[in-house]
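The values are calculated or read from the model by the stated rules, or taken from the named source; none is laboratory data. Owing to the predicted nature of the structure, the values given are computational and were not obtained by experimental measurement. Using ideal geometry, Cβ is built from the backbone for each residue, glycine included, and neighbour counts are taken over all protein chains shown.
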Amino acid sequence: MHILRKLLWIVPVMALFVAGVSCVSTKQFNDLKDKQQQLQEERDLLKMENEGLSVKNNELTYQVEMLKKEIEALRKDSADRAADLKDLQYKYAQLNRDYNTLKISQDELVRGNVKETRRLLEELQRTQTALQEKEDNLRKFERSLTAQQAELEKLRYEMEQRNRKLHEMEQIVHTKDSVLTALKKKVSDALLGFRDEGLTVTRRNGKIYVSMEEKLLFKTGSWQVDPRGQEALKKLARVLEKNPDINITIEGHTDNVPYVSHGGQIQDNWDLSVKRATSVVRILLKNSNIDPKRLTAAGRGEYLPVDPANTPEARRKNRRTEIILTPNLDELYDIIDQK
């Protein structure tokens, strides 16, 4: 939210600046206007990401509230059972007193009427049987109450653990978001001189996409990187080696024009896209100390176009190499997998 407020402040300031400096050159004005547009796009992306996080947070909050309701219900049930237990204890004491009274009466009547004595003995037996039943019920309620209290403690512990995990996950997401924001700026600054040569830096779906059109990196049908493209990749490599927690995927893309094979290493667009991706990987590794384990090379051929239209302009856009920068989320997954 702090980043979003900052962007919302920057955009009107840039607008005022552009309105005030009317004597600048057309190029400077266009650059400022492009920068304003970029900031607006970044603001929109951040708003979307923030909304997604808010939805997740609401879902987790709802789960916590449901657990609280379950705990409250268990507490009420435990209180009811405790009241039942107290009532049984009182009845038990009353029966015990009755038993003692009958026993005294029995002792007195033994010396008297035998028939009355037999009746009292039978009543005493019934009283003892009822008393035993009450004792059995009392023990059953005590066991049930103990089990309910244990379940209540278990639910309370689970809720505390979920709250802790939720807090840790929110901190990690916030940290990763800040890292991506800083990384995008570093990459954009490092590659600023290549913006007019078919290079773009965008952020979407929690990742940074560095997209380079064919004209910056390769000649038609070739997988050898041109000197100008090598220069851009070297600048990017210097930024990436200083961010070891970022995983790097290089994807090669072609247009839908079939590759004409002459019996060499390349048979079709799949081969060409893979070879271009691995060529970029080698340049990144050669010009930096990037751990090779962070890199993945992939060929997507013609099957993931940015523009599906069958026009020369669309095919030009589709002939590209994308370097996708993804934050390492192992720490987040470890928290989710915790028992």
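Of the residues GLU59, GLU70, GLU51, which is in contact (Cβ under 8 Å) with a residue 12 or more places away in the chain and in a helix (DSSP H, G or I)?
Details: GLU59 fails: in contact (Cβ under 8 Å) with a residue 12 or more places away in the chain; GLU51 fails: in contact (Cβ under 8 Å) with a residue 12 or more places away in the chain.
Just one listed residue meets the conditions, GLU70.
Among the residues of segment 11-52, count how many are at pLDDT below 85 and of a type in the set (A, V, I, L, M).
Here the count works out to 9.
Could you go through segment 247-268 and let me know if any residue there is closer than 30 Å to ARG162 by Cα and surrounded by 15 or more Cβ atoms within 10 Å (Cβ to Cβ). Full working, then the answer.
Start the filter on segment 247-268 by keeping residues that are closer than 30 Å to ARG162 by Cα, which leaves 247.
Subsequent filtering for residues that are surrounded by 15 or more Cβ atoms within 10 Å (Cβ to Cβ) retains 247.
Scanning segment 247-268 turns up at least one residue that is closer than 30 Å to ARG162 by Cα and surrounded by 15 or more Cβ atoms within 10 Å (Cβ to Cβ).
Yes or no: segment 39-58 includes at least one residue that is under 21 Å from the mean Cα position of the chain (by Cα), farther than 30 Å from LYS185 by Cα and assigned by TED's automatic domain parsing to the domain that holds PHE141.
yes
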